[in-house]
Amino acid sequence: MLKQTGIPTKEDIEKILPSKQRREKGAYVVIECFEEIPCDPCTAACQYGAILQMENVNDLPEADYEKCNGCGICIGLCPGVAIFVVDETYSEEKALIKLPYEFTPLPNKGDVVPGLDRAGEEVCKAEVIRVQKHPSKTNIIWITVQKELAHEVRFIRIPEI
Ligand code: SF4
Ligand code: SF4
C-alpha cells in the first residue's frame, strides 16, 4: 500500500515504533519517512544525537529512542513533514501528538478541530494544546486525542469560519 498510495499501513508504522517499555516512559519521536531519498537535515536537527547519522544521504533515518526526550525540535526542520512526536503518557485517556503544520490560518490553543488520519479522513475531534509558531521553519501544533488514536491521527483540519 505504501508504494501505491504513499500511505503507510499499521504494520509499516509498528516497525518504526519504539518498544512498549519505551513508549510507557514518555514522549518519543516517530519518523514516518519510508522513501530512500537524498535528504538528511533531521540528523543534524537533533542536538541529543537521537537521530542517527547516515552512512549514505539516501539512507532511511533511524531514531535512538533512549536519547530522544520528545522535544520536537526535529519536527520543524524536516522538509518532508515526516516527523511527529507522540506521548502516550500524557494522561489516563489522552495521548499528546506534536505535528508539523504548514497551512494558514493556524489554529488557536483550546480549539477543538477534526483530527485526520494519514488518508485525510476525519477520525476524531482533537484538542489543540499548544501552537508553536516558527517564522523560518514549519509550525508545530500540539494536540490531544484518545490514546488508541495516538498512531492514527496525523493531521488536523481547521474548519472554515
Ligand atoms: S524529538 Fe527532540 S530529542 Fe527526539 S529526535 Fe527530535 S529533536 Fe531529538
Ligand atoms: S529530514 Fe525528514 S524527509 Fe528528510 S530524511 Fe529526515 S525524516 Fe526523511
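A few comments on the model shown:
- Once the Cα gyration tensor of the range 57-161 is diagonalised, semi-axes √(5λ) in Å: 21, 17, 13
- What the Cα convex hull of the range 1-124 gives, in volume per residue, is 131 Å³.
- Gaussian network model of the chain, Cα within-10 Å springs - most flexible of P79, P18, P38: P38
- Computed in the context of the full set of protein chains, the accessible area of the chain at 1.4 Å probe radius has 50% of its extent on carbon or sulfur.
- 1.4 Å probe accessible area per residue over the range 2-156, in Å²: 54 Å²
- Multiplying the residue separation of Q53 and R22 by 0.36 nm and removing their Cα-Cα distance gives an extension gain of 9.0 nm.
- For the chain, built as a Gaussian network whose Cα springs stay under 10 Å, the top-fluctuating residue of Y65, Y48, Y28: Y48
- Phi angles across the range 76-91 convert, under the Karplus curve 6.51 cos²θ - 1.76 cosθ + 1.60 with θ = phi - 60°, into 3J(HN,Hα) values of x, 10, 8, x, x, 6, 10, 10, 9, 10, 10, 10, 7, 9, 4, 7 Hz, Gly and Pro given as x.
- Magnitude of the charge dipole for the chain, about its Cα centre and with charges confined to Cβ atoms of Lys, Arg (+1) and Asp, Glu (-1), is about 480 debye.
- Take every Cα pair under 8 Å whose residues are at least 6 apart in sequence, average their separation, divide by the length of the chain, and the relative contact order is 19 percent.
The values are calculated or read from the model by the stated rules, or taken from the named source; none is laboratory data. Because the structure is predicted, anything quoted here is derived from the model rather than measured. We place every Cβ from the backbone using ideal geometry, glycine too, and count neighbours over all the protein chains shown. Each accessible area value is taken on the protein alone, full model and side chains, heavy atoms only, with ligands, DNA and RNA left out. Shrake-Rupley method; radii C 1.70, N 1.55, O 1.52, S 1.80 Å.
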